[in-house]
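> Let me give you the structure first, and then I'll get to my questions.
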Amino acid sequence: MNHLLTIILSVFLRGYRGKTVDFQEVSHCHRTTTAYFLNHGKWKDDALQDVLKSSILQAIYREAQRSGQPIYCIVDDTIASHTRPSSQAVHPIEAAYFHQSHLKGCQDYGHQVVSVMLSCNGITLNYAVILYDKSRSKIQIVQEIAEELPAAPVISYFLCDSWYTTAKVMDRFIRKGFYTVGALKTNRILYPCGIRQKASAFALHLRKTDPDVSLVTVGSREFYVYRYEGELNGIPNAAVILS
């Protein structure tokens with residue numbers, strides 16, 4: 001653990017430069033000792049992650065009980081891009097694949113990770129960073145996260161983008177006391193007045209003058225919003241805000 005702390009501190013203090021000489025500034029050991037640990041040291045990744053997760057859960061849940069403020073479980077994924085490997089490469093980068101990048105609008109080669117943050121009353125901690133290697137879907141990864149979280153001591157919320165607002169994920173989180181707040185794709189099916197239609201098609205029928213449309217001001221910006229409450233596919237009762 002001392003070696004790991006040395007590495008983490010040196011990265012934060014100096015920025016990651018990939019040089020072992022940085023370790024000596026924050027360690028009582030010679031830099032070659034930490035270098036030897038990196039090359040030959042052995043530890044159980046799962047055991048280390050379990051210890052970190054346990055300490056984070058304890059801190060966040062204790063703050064929720066103390067303050068009465070909700071816990072926010074925040075999930076997002078990103079891609080660490082790499083240079084596309086040559087067909088002649090003898091040792092291509094392990095666990096790197098082609099992933100669909102929504103930022104670039106194309107396939108991107110690299111490592112994709114799912115990051116999970118827990119936050120309460122201004123305290124935000126990194127709960128987990130899971131490498132997505134296509135052995136299981138990102139939906140399955142987040143479902144497993146929901147399963148391992150303890151029941152929230154107060155009403156809490158799961159925050160996500162449109163990729164994770166599925167019935168399976170929302171059901172797992174509500175069992176633990178987390179309501180889902182997330183984005184929806186415009187092709188999501190709504191049932192206004194029992195009529196099945198896409199959200200994008202339903203929005204075309206809304207007018208600023210409709211009695212159920214409200215003007216909302218956020219900072220210096222104004223939005224016309226409509227609240228739909230009813231069924232989504234696989235979800236009997238949801239509230240959807242169309243802006």
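The values are calculated or read from the model by the stated rules, or taken from the named source; none is laboratory data. This one's a predicted model, so the numbers in the text were calculated from it and none came from an experiment. Cβ coordinates were reconstructed from backbone atoms using ideal geometry, including for glycine residues, and neighbour counts include every protein chain displayed. Heads up: the accessible areas ignore ligands, DNA and RNA and are worked out on the full protein's heavy atoms, side chains in. Shrake-Rupley method; radii C 1.70, N 1.55, O 1.52, S 1.80 Å.
> Quick check: net charge around N187, other residues with Cβ under 13 Å of its Cβ, Lys/Arg +1 and Asp/Glu -1?
Summing Lys/Arg as +1 and Asp/Glu as -1 gives +4.
> For the range 27-66, with every protein chain kept in place, what is the accessible area per residue (1.4 Å probe, Å²)? Could you put the intermediate results ahead of the total?
On the way: 3110 Å² over 40 residues.
Result: 78 Å² per residue.
> Ignoring everything except DSSP H segments at least 4 long, calculate the 222 nm mean residue ellipticity for the chain; use -39,500 (n - 2.57) per segment, divide by total residues, nearest 500.
Only helices count here, giving -9000 deg cm²/dmol.
> Enumerate lysine pairs in the range 74-200 that are 8 or more residues apart or on different chains, then count those whose Cα atoms are under 19 Å apart.
7
> Can you send over the carbon and sulfur percentage of the accessible area for the range 1-159, probe radius 1.4 Å, protein chains only? Show your work: numbers first, answer last.
Details: 5630 of 10310 Å².
Ligands and nucleic acids excluded, carbon and sulfur give 55 percent.
> Using the alpha-carbon atoms, what tilt in degrees (0 to 90, nearest 10) does helix 2-14 show relative to the longest principal axis of the chain?
Long axis of 2-14 versus the principal axis of the chain: about 70 degrees.
> Given a cut-off of under 8 Å on Cα pairs at least six residues apart, what relative contact order in percent is computed for the chain? Write down the numbers at each step before the final one.
On the way: 340 pairs, mean separation 29.2, N = 243.
Relative contact order comes out at 12 percent.
> Here is a further query. Which order do peptides 39-51, 157-169, 61-73 fall in by mean Cβ count within 10 Å, highest first?
My ranking of the peptides, most packed first, is 157-169, 61-73, 39-51.
> Treating the angle as unsigned and between 0 and 90°, give the value, to the nearest 10°, between the Cα long axis of helix 31-40 and the longest Cα principal axis of the chain.
Approximately 70 degrees, to the nearest 10.
> Leaving out ligands and nucleic acids, note down the accessible area per residue over the range 162-243 with a 1.4 angstrom probe, in whole Å².
With all protein chains present, the range 162-243 gives 68 Å² per residue.
> Put a dot 7 Å past each Cα toward the Cβ at S135 and I74; how far apart are the dots in nm?
For I74 paired with S135, the spin-label model returns 2.9 nm.
> Would you mind checking the tilt of helix 45-67 against the longest principal axis of the Cα atoms of the chain, expressed as 0 to 90 degrees and rounded to 10?
Approximately 50 degrees, to the nearest 10.
> Sort the following peptides by mean Cβ neighbour count (other Cβ atoms within 10 Å, averaged over residues), highest first: 120-132, 194-206.
Per-residue Cβ counts within 10 Å, averaged per peptide and sorted highest first, yield 120-132, 194-206.
> Once Lys and Arg get +1 and Asp and Glu get -1 on their Cβ, which of Q143, L232, A203 lies farthest toward the positive end of the dipole of the range 126-243?
A203
> Magnitude of the Cβ-charge dipole of the range 98-158, K/R +1 and D/E -1, about the Cα centre, nearest 20 debye?
180
> Output the peptides 142-148, 54-60, 210-216 sorted from most to least packed, where packing is the average of other Cβ atoms within 10 Å over each peptide's residues.
Working: 142-148: 17.3, 54-60: 15.1, 210-216: 10.1.
Highest to lowest by the protection proxy: 142-148, 54-60, 210-216.
> In whole Å, what is the distance between the alpha-carbon centres of the range 99-175 and the range 179-243?
First find each Cα centre; the distance between them is then 24 Å.
> Taking 0.36 nm per intervening residue step and subtracting the Cα-Cα distance, what contour gain separates H30 from D212 on full extension?
Full extension from H30 to D212 adds 58.6 nm.
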